[in-house]
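Every number in this text was worked out from the coordinates using simple rules, so none of it is lab data. This structure is a prediction, so every number in the text was calculated from the model and none was measured. Backbone-built Cβ (ideal geometry, glycine too); neighbour counts: all protein chains shown.
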Amino acid sequence: MARFGSTVAFVVGGKRYKAGQTYCDTKANQVGTDVIWAGMSSSTMSPGLVPLDGGATTMKGASVHAGKTTQIDGANSIEG
């Protein structure tokens, strides 16, 4: 299971993802209105994702964003 909260809006593979959403890696891990990001992995994840469970913590730990805190600068947290 990997679930993340997003503090920023971002684009991956031409698809736009909104700030304030909760994202999961598979339908089996979806809780409520989570958005399923089928290609989410440690190599594709955004630095603006905050881990919500152990799987997400492990995924972020294996990414280039390991050990970095998520910061909001204002502009990238606006959906537009």
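Among G54, G20, G32, which one moves the most in a GNM of the chain with springs linking Cα atoms closer than 10 Å?
Among G54, G20, G32, the largest mean-square fluctuation in the Gaussian network model of the chain belongs to G32.
At 0.36 nm per residue, and after removing the present C-alpha to C-alpha distance, how many nm does the segment from K27 to V11 gain when stretched out fully?
Gain on extension, K27 to V11, equals 3.7 nm.
Loop only per DSSP, at most 16 neighbouring Cβ atoms within 10 Å: give me the trypsin sites (Lys or Arg not before Pro) in the stretch 1-61, ordered by residue number.
K18
When a footprinting reagent is the concern and you count Cβ atoms within 10 Å, what order do T44, T57, T7 take, fewest first?
Ordered by Cβ neighbours within 10 Å, fewest first: T44, T57, T7.
Under the rule a/c < 1.5 gives rounded, and otherwise a/b versus b/c splits prolate from oblate, where does the chain land using the Cα gyration tensor? Intermediate results must be reported in sequence, preceding the final value.
Numbers: a/c = 1.55, a/b = 1.15, b/c = 1.35.
In terms of gyration-tensor shape, oblate.
Fewest to most neighbouring Cβ within 10 Å: what's the order for S42, S63, S6?
If I rank by nearby Cβ atoms, fewest first, I get S42, S63, S6.
Need the full-extension length gain, A38 to A66, defined as separation in residues times 0.36 nm minus the C-alpha distance. One decimal, nm.
Using 0.36 nm per residue and subtracting the Cα-Cα distance, I get 8.0 nm.
Setting aside same-chain residues fewer than 8 positions from K27, which lysines have a Cα under 23 Å from its Cα?
Cα-Cα hits under 23 Å: K15, K18, K60.
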